[in-house]
Amino acid sequence: SADRAVAAAADRALTQLGPAISGELARRADELEGEQAKRVEVLLHRIEEAASDLESVDGRATRPLLRKDRIRTTKFTIVGRIVPQNLRFKSRYGEVDVDIADVVAVERQIDDEREDVAKTFSVTGQNLAATKMKTTGISVRRGDRIVVRASGMIRRTPGTSSYVSSPDGSTRFGTHSTDPQILGGTLIARIGTRGKDIKVGSNASFVAKQSGKLTFGVGMRPDYVGRYPFPGEYKVQLRVQRGE
């Protein structure tokens, strides 16, 4: 509120609610800007200052989470105290106990699956490289090996018998690109949103030269895109062998 008396009363009421609203306030702080964000930060500070430096859990004195620290998850942000107060890590050198108050940061790569991945899926005539690539949901790193086997066919129009392509492409579908040389109808792959076209065809094995999400599509001559429906599909067997 622009009314200082109203704003002050709201500050007092919120402060009295204490730690129960810390999580909500932290989320608001991330969403707001300017004076509103500053006031929420002040409220969080007051609530944290009001907390006792020593709290009891199961009859034992414990150290609270350090002031101003926050815990960010994939879905929300919270302010509070971590229980238990120490962590045990397993390493190649044995187990190590660490007091939670001594932890500065913890990081996790959510999508960092380093095990080999095998997947089977379809790439249809709607997954043209120029319009909508097929997303595999798999992230690769530079050095990973990608092995692909593909079969099937797509047609230019329903019922046509002369304009047909396999994953290796067809001269009847023109040229998708000249650098690299790729015929229309060829199964291609990309790594990342700005990745270059990689010629795959019906049988390919290549090493990723960059990191990113792996997608597949059908290369097509530009004047065919949006002009024909391309019914049919390529059945793709994919295996990602993780590098070191």
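A few points about this structure:
- Remark: the range 94-244 is approximated by an ellipsoid whose semi-axes, taken from the C-alpha gyration tensor as √(5λ), come to 38, 14, 13 Å, largest first.
- Local net charge near residue 150, Cβ-Cβ under 11 Å (Lys/Arg +1, Asp/Glu -1): 0
- The range 145-195 - Debye-derived log10 I(q)/I(0), Cα point model, q = 0.23, 0.25, 0.29 Å⁻¹: -0.93, -1.01, -1.13
- The range 1-50 - Rg over Rh from alpha carbon coordinates, Kirkwood radius: 0.94
- Spin-label pair residue 178-residue 147: with each label point 7 Å from Cα along the Cα-Cβ axis, the two points sit 3.7 nm from one another.
- For residue 41 and residue 196, a Förster radius of 45 Å and the Cβ-Cβ distance give a FRET efficiency of 0.50, rounded to the nearest 0.05.
- Of the two radii for the range 162-221, the radius of gyration is 0.99 times the Kirkwood radius, both from the alpha carbons; that is the Rg over Rh value.
Taken together, the values in this text are just the output of simple stated rules run on the coordinates, not laboratory data. For clarity, every value in this text was computed on a predicted model and none was experimentally measured. Cβ atoms come from the backbone with ideal geometry, glycine included; neighbour counts cover every protein chain shown.
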